[in-house]
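To start, the structure itself, in structure tokens.
The values are calculated or read from the model by the stated rules, or taken from the named source; none is laboratory data. Model, not experiment: these values are computed from the prediction. Cβ atoms come from the backbone with ideal geometry, glycine included; neighbour counts cover every protein chain shown. For the accessible areas, the whole protein counts, side chains as well, though only heavy atoms, and no ligand, DNA or RNA atoms are used. Shrake-Rupley method; radii C 1.70, N 1.55, O 1.52, S 1.80 Å.
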Amino acid sequence: MPPIPGSGLAKGLAVTLRTMTKKTVTAQYPDVQPELPPRSRGVIGLFEENCTVCMLCARECPDWCIYIDSHKETMPAAVPGGRERSRNVLDRFAIDFALCMYCGICIEVCPFDALFWSPEFEYAETDIHDLTHERDKLREWMWTVPEPPALDPGAEEPKEIAAARKTAEKLEAQRAQEAEQAKEAAQPSQQAQEEGEE
């Protein structure tokens, strides 16, 4: 049987009429901020105090969008007769977000927790050169990094905390043993004094 002329138009208008009566779910973006998932990848923040200029992030970056410059400083000896030490001092840390593909490898490989994901995503620029964020700008993004989520109650204790607790218990046992030995060493001298007084 051939289709009735205008049936497709009637079906389309029926869909339009049905959706006209429903409430819209469109969020008007500039006025209403979106609710982002907890681990959103927006921009990368730099915690400069933790950076040791090990260059791992720059070497592992597949896009080569991280630029790091540093120099060495000689630190005086901590004790007399000790030797001087040298340390790296960060001069420049920049990320070109025009090149970055937000893979997060730099954050994963950083052994000193100097890089973090921030959920901020509103950093569009009119000039592409302004998308290269220097360390001052990266430091500003650091304050937008959310607190890490709490551990699950049934999760295993982190290795770092277990190791720290074990070390603290060893030190406490060692101090108790030293105190006991000092107490035992003090007892014979007290007995000798008492005998001398008699």
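Applying the set (1) surrounded by fewer than 13 Cβ atoms within 10 Å (Cβ to Cβ); (2) in contact (Cβ under 8 Å) with a residue 60 or more places away in the chain to ARG59 leaves exactly one unmet item: (2). All of GLU49, GLU35 fail the test of being modelled with pLDDT of 85 or more, closer than 28 Å to TYR123 by Cα and outside any loop (DSSP other than H, G, I, E, B), apart from GLU49. If you go through the range 126-164 and keep only what is among the charged types (D, E, K, R) and modelled with pLDDT of 90 or more, you end up with ASP127, ASP130, GLU134, ARG135, ASP136, LYS137, ARG139, GLU140. Looking at the range 69-86, can you tell me whether even one residue there is at pLDDT below 95 and in contact with a helix residue (DSSP H, G or I) (Cβ under 9 Å, 6 or more places away or on another chain)? No: the range 69-86 contains no residue that is at pLDDT below 95 and in contact with a helix residue (DSSP H, G or I) (Cβ under 9 Å, 6 or more places away or on another chain).
Looking only at residues of the range 19-49 that are among the polar types (S, T, N, Q) and open to solvent by 50 Å² or more (accessible area, probe 1.4 Å), we find that the one that is nearest to ARG87 (Cα to Cα) is GLN33.
Residue check: ALA14 meets all listed conditions (1) assigned to a helix (DSSP H, G or I); (2) open to solvent by 80 Å² or more (accessible area, probe 1.4 Å) but one, namely (2).
Within the range 106-146, the residues that satisfy the criterion of being open to solvent by less than 70 Å² (accessible area, probe 1.4 Å) and small (Gly, Ala, Ser) are ALA114, SER118.
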